[in-house]
Amino acid sequence: MDVQNPAKISFIKAIHLCFLALFCPQRFIAEEQANNRQLNEFPRVEPENRALKLRHALLRAFELVALSGVIGTTVGKIAHVFCGPASSNTISILQIAGALLLLWGTLAVRGWDIQTFGGATLTERVNQWIYRFLYCCGTAVLVISLSWPQN
């Protein structure tokens, strides 16, 4: 499969595809086969400027980290308002949960064993979405533990 420009997928469709991949693998395989047929019909494209891809990936990663930080800080402050100061046990549990989510994302991500030339298959895209989701959740949970004042 040559380098492709895969069609954009909506957020809701991405969640649906992740669900199928995790819980209904046969339906996901059917979806991916249909998508692969569609990819093969796309005209071949020249590879994009790699420096622009790198720049875009760096900006996107910053956006995800910043959003995770804002969500974690907001939840930590709201928890302080509604629940008062956190106990040291609560902070420890949040830190452990955040670290476990980050480790889970790291160990679960697939690489060479599912990679194609273009990285455009649904399996590769779902793999990246799940990885980013776990990392963002882990980061947000760690930030909650840091922004929720202790007693």
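No value in this document is a laboratory result; all are computed from the given coordinates. This is a predicted model, so every value here is computed, not measured. Glycine also receives a Cβ, built like all others from the backbone with ideal geometry; neighbour counts cover every protein chain displayed.
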Next on the checklist: Quick check for me: using +1 on Lys/Arg Cβ and -1 on Asp/Glu Cβ, what's the dipole size of the chain about its Cα centre, in debye to the nearest 20?
Outcome noted: 220
Item to check | Relative contact order of the chain, defined on C-alpha pairs under 8 angstrom at six or more residues apart (%) | outcome: 40
Checklist outcome for this item: Taking the chain and counting helices only, DSSP H stretches of n ≥ 4 at -39,500 (n - 2.57) each over all residues, the nearest-500 ellipticity at 222 nm comes to -25500 deg cm²/dmol
Checklist outcome for this item: Amide H proximity to residue 86 below 5 Å, modelled H, separation 5+ or other chain, gives 150, 151
Checklist outcome for this item: Once normalised by the length of region 67-147, the mean sequence separation of its alpha carbon contacts under 8 Å that are 6 or more apart gives a contact order in percent of 59
Checklist entry - For Cα Rg over 2.2 N^0.38 Å, the listed values are [x] 1.29; [y] 0.97; [z] 1.06; which was obtained by calculation from the structure presented? => result [x]
Checklist outcome for this item: Cβ-Cβ cut-off under 12 Å around residue 61, Lys and Arg +1, Asp and Glu -1: the net charge is +2
